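Read the structure below first, then the notes.
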Amino acid sequence: RKEVEQDPGPFNVPEGATVAFNCTYSNSASQSFFWYRQDCRKEPKLLMSVYSSGNEDGRFTAQLNRASQYISLLIRDSKLSDSATYHCVVTFYGQNFVFGPGTRLSVLP
Amino acid sequence: DAGITQSPRHKVTETGTPVTLRCHQTENHRYMYWYRQDPGHGLRLIHYSYGVKDTDKGEVSDGYSVSRSKTEDFLLTLESATSSQTSVYFCAISPGTQETQYFGPGTRLLVL
C-alpha cells in the first residue's frame, strides 16, 4: 500500500461549483500535512498547510482527521484558474515529505 | 517567489552518457532536495542535503549521485543515463525538514 493515496481524477466541475478532494495516509506517526498545487508543466507550489483543528484560506478549507488518517481539501465557488493538480503531502517523524500522486481538477466554463 | 533556479531547463541525451543537473538557491536555506516526477506518481525523493557536504539517499536513489560543496548549489549526477531516467526533475529547498518546501522550475530530461 502506498504511503499517501489520492484519487487521480480528473474531477471536471463547472465554474462556481464546490469540489472536495480526500487523501489517505498509511503511517499513523505522521507529523505535518500540506496541500500543494501544480499547474500544467510547472513546479508545485504550497497551497496551504493543514492543521489539526482545520483551517481556511479564502475559498479553500483543509481538514485533518488523524483517527481515520485522511486529510481533505474543499474548494468553494470554483474558478477557471483553480484548474490544476492538487498534491497531498505528509511528513512522518524523522522523514522527509511524501507526496501523493495528485488529483487533477478541471474547472469548466 | 523563492530564489531557486535549475539548469539546464531541458536536455536530451543518449543512453550511457553522464548528465549533471544544477540547482542554485539565493535563500540560504539549509535543506535542498532533488525529486523526479513521472506520470502516475507523485514527486519521489532522489537525494537530499542537510548542509554543505552532508547528503543522504531518498526513495529512488539508485543510479544517481549528488554533491553540495556550497550552501547555494546542489548538483545531481546521472553517472550513466538510462531511458528509465527520462523524467522531470525538480529541486526544492526548505529551512527545516518539517517546513514548507519551495520548488525550482524543473528540468525536463529525455534519455534516448
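At-a-glance table
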| item | result |
| --- | --- |
| Formal net charge of residues neighbouring A:Phe97 (Cβ-Cβ distance under 12 Å; K, R +1; D, E -1) | -2 |
| Dipole moment magnitude, nearest 20 debye, the protein assembly as shown about Cα centre, only Lys, Arg, Asp, Glu C-beta charged | 180 debye |
| For A:Gly9, residues with placed amide H under 5 Å, excluding near neighbours | A:Arg104 |
| A:Gln31 long-range amide H proximity, modeled H, under 5 Å | A:Thr91, A:Phe92, A:Tyr93 |
| Label-zone membership for region A:29-58, site B:Val12, 7 angstrom Cα→C-beta point, backbone N under 13 Å | none |
| Reduction of at least 10 Å² in accessible surface, 1.4 Å probe, comparing all protein chains with the chain by itself, residues of region B:36-67 | B:Gln37, B:Gly40, B:His41, B:Gly42, B:Leu43, B:Leu45, B:Tyr48 |
| Average Cα contact separation per residue, chain B, under 8 Å, 6 or more apart, as relative contact order % | 35 percent |
| Given charges at Cβ of Lys, Arg, Asp, Glu: chain B dipole, positive-most of B:Ser7, B:Tyr33, B:Tyr89 | B:Ser7 |
| For the protein assembly as shown, cysteines whose Cβ has no other cysteine Cβ within reach (under 4.7 Å) | A:Cys40 |
| Residue-count net charge about B:Gln85 - beta-carbon cut-off 13 Å; Lys, Arg +1, Asp, Glu -1 | 0 |
| Integer Hz, Karplus 6.51/-1.76/1.60 couplings in order for region A:62-73, x for Gly and Pro | 10, 10, 10, 10, 5, 4, 9, 6, 9, 10, 9, 10 |
| Region B:34-63-region A:1-60 distance, computed between alpha-carbon centres (Å) | 21 Å |
| Share antiparallel - DSSP beta bridges, chain A, percent rounded to 5 | 90 percent |
| For the protein assembly as shown: rounded, prolate or oblate by the Cα gyration tensor [a/c cutoff 1.5] | prolate |
| Order by protection proxy (mean Cβ within 10 Å, highest first), peptides B:86-94, A:100-108, B:19-27 | B:86-94, A:100-108, B:19-27 |
| Accessible surface of the protein assembly as shown [probe 1.4 Å, protein heavy atoms]: carbon and sulfur percent | 47 percent |
| Cα coordinate range in chain B, projected on the principal axes (Å, largest first) | 36, 28, 23 |
| Whole-number accessible area per residue in Å² for chain A, which is evaluated in the context of all protein chains at 1.4 Å | 48 Å² |
| Once the Cα gyration tensor of chain A is diagonalised, semi-axes √(5λ) in Å | 23, 14, 12 |
| Other-chain or far-sequence residues with amide H under 5 Å of B:Thr86's (modelled H) | B:Val111 |
| Neighbour cut-off at most 14 other Cβ (10 Å), DSSP loop, trypsin sites (Lys or Arg not before Pro), region A:1-76 | A:Arg1, A:Lys2, A:Arg41, A:Lys42, A:Arg59, A:Arg66, A:Arg76 |
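The values are calculated or read from the model by the stated rules, or taken from the named source; none is laboratory data. Quick caveat: nothing in here was measured; it's all calculated off a predicted structure. Positions of Cβ are generated from backbone atoms using ideal geometry, with glycine treated the same way; all protein chains shown enter the neighbour counts. Accessible surface areas use protein heavy atoms only, side chains included; no ligands, DNA or RNA. Shrake-Rupley method; radii C 1.70, N 1.55, O 1.52, S 1.80 Å.
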